[in-house]
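The values are calculated or read from the model by the stated rules, or taken from the named source; none is laboratory data. All of these numbers come straight from a predicted model, not from anything done at the bench. Every residue, glycine among them, receives a Cβ derived from its backbone with ideal geometry; neighbour counts consider all protein chains shown. The area values use the complete protein model at the heavy-atom level, side chains included, leaving out ligands, DNA and RNA. Shrake-Rupley method; radii C 1.70, N 1.55, O 1.52, S 1.80 Å.
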Amino acid sequence: MTLPSPASQPRGKALRLHLALARIWASDQRIRGWFTSSNNNDIGSLFLIVATSFFVIGGILAMLIRAQLATPDSAFMEPQVYNQIFTMHGTVMMFLFAIPFFEAMSMLLLPGMLGTRDMAFPRLGAYGLWVYIFGGSAVIIAMLMGLAPDGGWFMYPPLSSAAFSPGIGADVWLLGITSIEVSAIATAIEVIVTVLRYRAAGMSLSRMPIFAWYILVVSVMILTAFPPMILGSLLLEVERALNWPFFQVENGGDPLLWQHLFWLFGHPEVYIIFLPAAGMIATILPVMARTNLLGYGWVVAAAVSLAVLSFGLWVHHMFTTGIPHMGLAFFSAASTLVAVPTSVMIFSWIGTLWKGRARMGLPMLWIMGFFATFVIGGLTGVMLAVVPFNWQVHDTHFVVAHLHYVLIGGYVFPMIAAIYYFMPLLTGRTRFFKLGEVAFWLVVPSFHITFLSVHMAGLLGQRRRTWTYDADQGWTALNLVASIASFVMAIGFALTILDVAVNAFVAVRGRRNPWGAGTLEWAGAIPSPAYGFASIPIVQGRYPLHDDPDLALHIARGEGYLGDASRIRRETLIVSTARGEPLQVVVLPGNSVLPFLLAVVTSTSFLAPLFDAYIVAGLALVAVVALALVWAWGLGGRVDEGHVDAGHGAMLPLASECRDPPGWWGSVFLLLADGVHFGSLLFGYAFLWTVAPNWPPHSYLQPQLWAVIVALTGALALTAGPRLAVRAIAKGGTAWPAITLGIVGSLALAIAAASVMLDRPGPARHAYDATLWLLAGHVGLHTILSAIMLCYLAARVAAGYASPARIGEAGIVKLWADFTVATGLVALAAAWLPGAFA
Amino acid sequence: MIDILRLSLPITVWLAGFSAVYALQGLSCSRHWPADLDARQVLLAAYAVAIVLQLIALLAVLYAPSKARFVQTTATVLAATALGAAVWTLMPVLATSVCL
Ligand code: HEM
Ligand SMILES: [Cu+2]
């Protein structure tokens with residue numbers, strides 16, 4: 001008999017653990033697995049492939065544009081077609097490629113970087129993916145049917161209003177894009193909760209990989225930037241469908257309101273696109289330079305300040321709208337200011353290169369391409385921030401060139417670098433075919449030839465969004481050069497995609513951590529297994545793999561937290577936000593077709609109105625609520641498990657037996673977005689009241705005493721009910737009287753809101769009436785939601801899902817009720833006060 | 001959570017102040033503005049208030065420091081940035097015409 005050697009025994013343990021975890025976390029291997037998996041590797045890969053397809057579609061459209069502009073008086077496209085093509089090019093690139101692509105990368109990489117096993121809400125991620133696929137496909141199908149929007153990617157009314165854009169093109173845009181924004185918000189919430197709560201043990205904020213910081217900042221920006229845009233889309237869609245005159249001057253509206261709402265979103269949007277790319281550079285560059293990032297804290301501060309500053313820039317897109325000089329000067333000053341944090345980042349990267357010993361290689365090559373391009377784009381941006389210059393080049397091809405320098409140079413190039421850098425991790429293979437270098441040298445020089453010419457043409461006066469020009473305008477040679485170079489660039493991009501695809505499927509198997517990186521995503525097996533880490537790592541610094549070269553081995557042997565699969569369920573660790581101490585054990589849901597189904601009905605509710613199928617849309621909405629309830633019902637348990645063994649002697653509570661489960665955190669951030677949406681509505685109201693020409697309306701709504709009293713009592717009941725319910729559940733008492741009180745309260749608030757509508761029938765009369773209906777609609781919607789949640793809570797309590805420990809759900813309901821009360825009272829006050837004082 | 005606030009609040013105050021002054025300027029050019037009220041004086045006062053708020057935010061970060069050194073330095077840098085941003089971005093109040 002031979003004893004097993006000491007070394008092989010742990011290896012056996014690692015293998016057994018691997019097999020057990022692989023079984024628990026496996027997605028369905030059959031075809032249906034595509035629709036039921038919620039694993040971040042699967043969802044992220046699908047996301048990535050779909051986003052890349054949209055890049056290809058957007059690229060083909062770009063080639064059509066350049067083909068049309070190659071020669072003067074070209075007969076290649078009719079102006080009507082050209083309008084659709086550039087609108088769709090911009091829309092596809094911004095909404096269907098750029099945002100989803102970095103979301104895909106974060107889903108694939110974040111759990112690994114943070115040292116956790118999956119994203120915080122795996123099913124929400126799957127839901128976001130499917131909504132995106134349906135919404136995006138609908139927009140593309142509409143284009144193929146010749147029904148594409150044609151008002152430019154920012155869809156200004158009155159051009160995009162019913163009078164000047166009849167047909168469903170603009171509606172396709174408004175509804176399709178809104179559904180994609182819903183998907184982006186879902187993903188953003190998932191990312192935030194993951195970064196704040198799902199990390200390796202000991203990973204304090206200061207030890208977080210830099211990409212996690214960037215993507216955290218970006219996700220908060222999504223939650224605060226998208227709601228104004230969603231509101232704008234809602235207003236415009238309601239105006240188009242029901243003639244509520246938000247943007248019609250003659251009835252008290254103002255088209256400038258759209259521009260404010262759009263750019264409140266649109267400017268942060270460009271940083272939402274740039275910052276993830278910057279995060280990739282800050283991740284990759286130090287590794288390629290064999291050193292650590294210089295000035296980590298400064299970079300974090302720069303990212304945060306850039307994010308916030310970017311919300312104070314929106315008017316620089318409106319310099320030619322006749323806004324007073326002082327207003328222009330505010331935004332000009334703020335626009336020049338963003339160059340400061342951007343420079344901090346650039347200098348940190350240059351300093352990192354300086355400090356280290358850089359090696360070339362394809363990722364590095366693309367980063368060099370980024371530097372050469374982005375700096376120029378940043379400088380033309382500062383030029384555009386200067387008002388008099390802006391007046392000269394507004395709406396010319398100079399702007400087109402500027403935005404492509406930042407978008408392609410600042411986003412596409414770094415993302416390609418990231419794809420090559422992470423390829424060994426994502427595919428398990430090391431690049432073998434060297435097509436990528438050729439592609440690089442095709443893309444970067446031809447990019448500069450294309451867009452330098454476009455800059456020049458713009459300075460010479462060529463306007464954007466015009467389908468052709470005359471031979472005697474002097475732009476012929478520049479445009480021809482730009483077009484030829486752009487075709488070369490397109491070939492280069494095609495080769496890049498080919499190179500990645502070929503290498504991903506047939507290149508040789510590689511070894512773990514080929515670049516010698518220090519962060520956790522490289523500590524697992526490659527390609528990353530479904531469960532991510534065999535045990536949750538314990539980290540003591542920012543670069544755990546450098547601190548402990550054997551870390552991968554320890555993790556694989558189950559020597560971190562939760563390195564024991566005997567409970568046969570998908571468990572991972574929740575840590576404290578700031579210091580990363582282990583707090584809770586969370587059980588993630590298994591495979592499910594629910595996200596897919598919910599996405600089907602959500603998308604139906606968005607798309608059915610395109611065909612005037614309002615009944616279908618209504619039914620779909622009911623199905624959304626029903627499926628959401630089924631979804632929630634499957635979580636939690638009926639017995640208290642008490643604390644469970646998390647390894648290392650730590651006995652931790654289950655997240656479902658805590659006061660702040662992940663769902664509570666998710667709700668907080670969803671309500672942040674909801675609050676910004678509500679704030680945007682108030683802003684729109686105040687804006688119209690202040691500057692719209694046809695104000696004041698003929699009369700203001702006069703508040704009625706009974707309605708005010710009903711509203712206040714309702715608010716009181718809806719505040720007290722959920723509180724008392726939480727207290728009752730915490731004490732093990734009966735909760736239903738308190739829950740009933742809450743339901744009655746929400747109904748009372750709803751009645752008060754309805755009274756506003758009843759007092760002012762005819763929202764199509766004046767923008768004021770339309771705004772009142774939206775304010776009341778906000779209250780109505782939220783009171784209904786609160787009532788549904790309270791009923792649900794009552795059912796959960798009755799079915800035994802609540803206990804003094806399992807109280808998180810009641811807390812979530814309380815949160816929503818509080819939000820309803822707070823915003824409801826503000827909305828009603830906003831509706832009633834002008835009449836009370838007029 | 002408090003650490004997150006330390007990091008995010010001062011610069012958010014800048015955003016609020018900036019937007020508020022811009023809104024005030026818009027209001028001062030609208031039909032709602034009382035004719036006998038000097039808009040520039042009010043805007044200058046608002047500028048001063050915005051700066052004072054930013055100073056308070058900075059002092060709050062300095063005098064109620066975080067236990068984590070990283071958070072403390074980053075929060076200080078951010079609060080100082082916010083102060084600088086308030087001074088710089090609202091400076092047009094001093095010079096440019098109000099409603100032209
Ligand atoms: C592949 C190379 C690309 C080429 C050759 C190209 C070319 C163009 C051209 C010529 C226009 C101006 C059309 C006009 O105003 O008449 C345009 C517009 C635009 N492009 Fe690109 N583009 C490319 C890639 C991208 C990428 C990657 C993005 C974003 C990530 C992007 C975003 C936009 C946007 C937002 C517009 C404005 C659309 C509008 O005016 O409504 N482009 N592009
Ligand atoms: Cu901008």
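A simple spin-label model places pseudo-atoms 7 Å from Cα toward Cβ; at A:Q540 and A:L19 they are separated by 3.5 nm.
The rule of thumb for compact globular proteins, 2.2 N^0.38 Å, goes into the C-alpha radius of gyration of the range A:751-838 1.40 times. Loop sites here are chymotrypsin sites (Phe, Trp or Tyr not before Pro) outside DSSP states H, G, I, E and B with no more than 13 other Cβ atoms within 10 Å. The longest part of chain A free of them is A:434-838. Solvent-accessible area of A:S335, all protein chains in place: 10 Å² (probe radius 1.4 Å, heavy atoms, ligands and nucleic acids excluded). Computed from the C-beta positions of B:L37 and A:A686 and an R0 of 30 Å, the FRET efficiency is 0.95 to the nearest 0.05. Modelled label-to-label distance, A:A501 and A:A163, 7 Å Cα→beta-carbon offset: nm? In this crude spin-label approximation the distance works out to 4.8 nm.
Using alpha-carbon positions, what is the distance between the centroids of the range A:175-190 and the range A:44-119, in Å? Centre-to-centre (Cα) distance: 16 Å.
Which trypsin sites (Lys or Arg not before Pro) in the range B:26-100 pass both tests, a DSSP loop state and at most 16 other beta-carbon atoms within 10 Å?
Values: sites: B:R31, B:R40, B:K67, B:R69; in loops: B:R31, B:K67.
Answer by residue number: B:R31, B:K67.
Using 0.36 nm per residue and subtracting the Cα-Cα separation, the extra length available between A:R509 and A:E641 on full extension is 43.2 nm. With contacts taken as Cα pairs under 8 Å at a separation of at least 6 residues, chain A carries a relative contact order of 16 percent. All C-alpha pair distances within the range A:153-305, sorted into 10 Å bins from zero, spread as 10, 32, 25, 17, 12, 4, 0 percent across the bins. Residues of the range A:331-347 buried by at least 50 Å² of accessible area upon assembly of all protein chains, compared with the chain on its own (1.4 Å probe): A:L337. What residues qualify as long-range amide H neighbours of A:R117, i.e. H under 5 Å apart, gap of 5 or more or another chain, H built at 1.01 Å from N? Under 5 Å from the amide H of A:R117: A:L573. As a length-normalised measure over Cα pairs under 8 Å and 6 or more apart, the relative contact order of the range A:661-837 settles at 31 percent.
Counting only heavy atoms of the protein chains and using a 1.4 Å probe, A:T291 has close to 30 Å² of accessible surface.
Taken per residue, the accessible surface of chain B reaches 50 Å², heavy atoms only and a 1.4 Å probe. Checking Cβ-Cβ separations below 4.7 Å across the protein assembly as shown identifies A:C658, A:C791 as cysteines lacking any candidate disulfide partner.
Restricting to Cα pairs below 8 Å that are 6+ residues apart, what does the relative contact order work out to for the range A:60-144? Please round to a whole percent. Can you show the working numbers first?
Values: 25 pairs, mean separation 20.4, N = 85.
Dividing the mean separation by the residue count of the range A:60-144 yields 24 percent.
Full extension of the chain segment joining A:A754 with A:I31 gains 255.4 nm, where the gain is 0.36 nm per residue of separation less the Cα-Cα distance.
Starting from the exponent 0.38 and prefactor 2.2 Å, build the expected Rg for the range A:552-618 from its residue count and divide its actual Cα Rg by it. Before the final figure, lay out the partial values.
Working: Rg = 21.0 Å, N = 67, 2.2 N^0.38 = 10.9 Å.
In units of the globular-protein estimate, the range A:552-618 measures up at 1.93.
Counting only heavy atoms of the protein chains and using a 1.4 Å probe, A:D612 has close to 110 Å² of accessible surface.
Total accessible area buried between chains A and B, 1.4 Å probe, in Å² to the nearest 100? The partial results should precede the final answer.
On the way: alone 32010 and 6550 Å², together 35520 Å².
Roughly 3000 Å² of accessible surface disappears when A and B pair.
Legend: mean number of C-beta atoms from other chains within 10 angstrom of residue C-beta atoms, peptide B:73-86, equals 4. Full-extension gain between A:E78 and A:F611, please, as 0.36 nm times their residue separation minus the C-alpha to C-alpha distance. Going from the current span to full extension adds 189.2 nm.
Working note: Cα gyration tensor of the protein assembly as shown, eigenvalues times five, square-rooted, sorted largest first, giving semi-axes of 41, 38, 28 Å.
Using a simple spin-label model with pseudo-atoms 7 Å out from Cα toward Cβ, A:R569 and A:F433 lie 4.6 nm apart.
Each principal axis of the Cα atoms in the range A:661-837 has its own extent, and those three values, largest first, are 58, 32, 23 angstrom.
At a 1.4 Å probe radius, carbon and sulfur cover how many percent of the accessible area of the protein assembly as shown?
Numbers: 25460 of 35520 Å².
Percent of accessible area from carbon and sulfur atoms in the protein assembly as shown: 72.
Other residues whose C-beta falls under 9 angstrom from the C-beta of A:I574 contribute a net charge of +2, scoring Lys and Arg +1 and Asp and Glu -1. Ranked from largest, the principal axis spans of the Cα set of the range A:107-222 equal 59, 24, 16 Å.
Show A:I49, A:I99, A:I24 ordered by accessible area, largest first, where the area counts protein heavy atoms only and the probe is 1.4 Å. Can you show the working numbers first?
Details: A:I49 110, A:I99 5, A:I24 30 Å².
In descending accessible area the options line up as A:I49, A:I24, A:I99.
A 1.4 Å probe run over chain A, with the rest of the protein chains in place, finds 36 Å² accessible per residue.
Quote the FRET efficiency, to the nearest 0.05, computed for A:A477 versus A:K731 with a Förster distance R0 of 56 Å and r equal to the Cβ-Cβ distance.
On the way: r = 82 Å, r/R0 = 1.46.
Efficiency computed from Cβ-Cβ geometry: 0.10.
Treating r as the C-beta distance of A:V708 and A:R579 and R0 as 45 Å, the FRET efficiency rounds to 0.40.
Ranked from the most accessible area to the least, with a 1.4 Å probe and all protein chains present, what is the order of A:T342, A:T604?
Working: A:T342 25, A:T604 50 Å².
Largest to smallest exposure gives the sequence A:T604, A:T342.
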